[in-house]
């Protein structure tokens, strides 16, 4: 499928508003079970070793783009040491990609508490039981035993948020909007934040 052209005149001068427009279109075109909010999150350590994984976008506004995780996970350790991150959204039915580069910071405790309270009970238990990214000695049975133990411990009462679990907000310094076109001559536009951080410079990029 080949989409129509993306012209600079089509773009909102505010990249957050442009993302909102494309994200709404993606949610309309992609079934909820196919997770239009899925994004690749790339991080790196101080040696420059890069890792990437898929996370779910849980909210965005002009402050940035939020996802939640275990702070002790591999990504959490890398963000602690090198608080830069890149996000990639790919919406195949629309032949659209959005890249975001920026600084990753923890959300407030209140934001993490509020989101944790909305999670399914099983996911809340999982946040306690999974030492994310660590080797499981004893196999799956070890993990299942932890789940069973905590299910009993919290039977009939709320499950608190683990202190090692919460959100990150990626504060953008760069956006790139990519629209697929025929003959690999795609339309690409970047928004770069000016040094004074007051507005954005829009440039067309070679495909």
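The table for this structure:
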{"read-out": "Filter pass, residue 134 being part of a loop (DSSP other than H, G, I, E, B) and over 30 Å from residue 95 (Cα atoms)", "value": "yes"}
{"read-out": "Test result for residue 118, at pLDDT 95 or above, over 25 Å from residue 202 (Cβ atoms) and touching a helix residue (DSSP H, G or I) at 6+ places or on another chain (Cβ under 9 Å)", "value": "no"}
{"read-out": "Filter result (more than 10 Å from the chain's Cα centre (by Cα) and either modelled with pLDDT under 95 or part of a strand (DSSP E or B) (or both)) within the stretch 22-44", "value": "43, 44"}
{"read-out": "Any hit, the stretch 174-188, residues being free of Cβ contacts under 8 Å to residues at least 40 places away in the same chain and surrounded by 15 or more Cβ atoms within 10 Å (Cβ to Cβ)", "value": "yes"}
{"read-out": "Single residue of the stretch 77-99 satisfying the filter (touching a strand residue (DSSP E or B) at 6+ places or on another chain (Cβ under 6 Å) and assigned to a helix (DSSP H, G or I)) that is surrounded by the most Cβ atoms within 10 Å (Cβ to Cβ)", "value": "79"}
{"read-out": "Every residue from the stretch 100-131 that is in a helix (DSSP H, G or I) and buried (at least 16 other Cβ atoms within 10 Å of the Cβ)", "value": "111, 112, 115, 116, 124, 125, 126, 127, 128, 129"}
{"read-out": "Which numbered condition residue 61 fails, given (1) under 12 Å from residue 168 (Cβ atoms); (2) under 15 Å from the mean Cα position of the chain (by Cα); (3) surrounded by fewer than 19 Cβ atoms within 10 Å (Cβ to Cβ)", "value": "(1)"}
{"read-out": "Qualifying residue in the stretch 61-76 (condition: out of contact with any strand residue (DSSP E or B) (no Cβ under 8 Å at 6 or more places or on another chain), in a loop (DSSP other than H, G, I, E, B) and within 28 Å of residue 190 (Cα to Cα))", "value": "yes"}
{"read-out": "The stretch 139-161 residues that are within 11 Å of residue 124 (Cα to Cα), paired with ones that are part of a helix (DSSP H, G or I) and at pLDDT below 90 (beta carbon under 6 Å, 6 or more apart)", "value": "147/129"}
{"read-out": "Criterion violated by residue 159 - all others in (1) farther than 30 Å from residue 82 by Cβ; (2) modelled with pLDDT under 90; (3) assigned to a loop (DSSP other than H, G, I, E, B); (4) in contact with a helix residue (DSSP H, G or I) (Cβ under 8 Å, 6 or more places away or on another chain) satisfied", "value": "(2)"}
{"read-out": "Pairs where the first residue, in the stretch 18-35, is in contact (Cβ under 8 Å) with a residue 40 or more places away in the chain and the second is part of a helix (DSSP H, G or I) and surrounded by 12 or more Cβ atoms within 10 Å (Cβ to Cβ), C-beta under 7 Å, 6+ apart", "value": "25/94; 26/94; 29/93; 29/94; 30/93"}
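The values are calculated or read from the model by the stated rules, or taken from the named source; none is laboratory data. It should be emphasised that the depicted structure is a prediction, and the values quoted were computed from it without experimental measurement. Note that we place each Cβ from the backbone using ideal geometry, even for glycine, and neighbour counts take in every protein chain shown.
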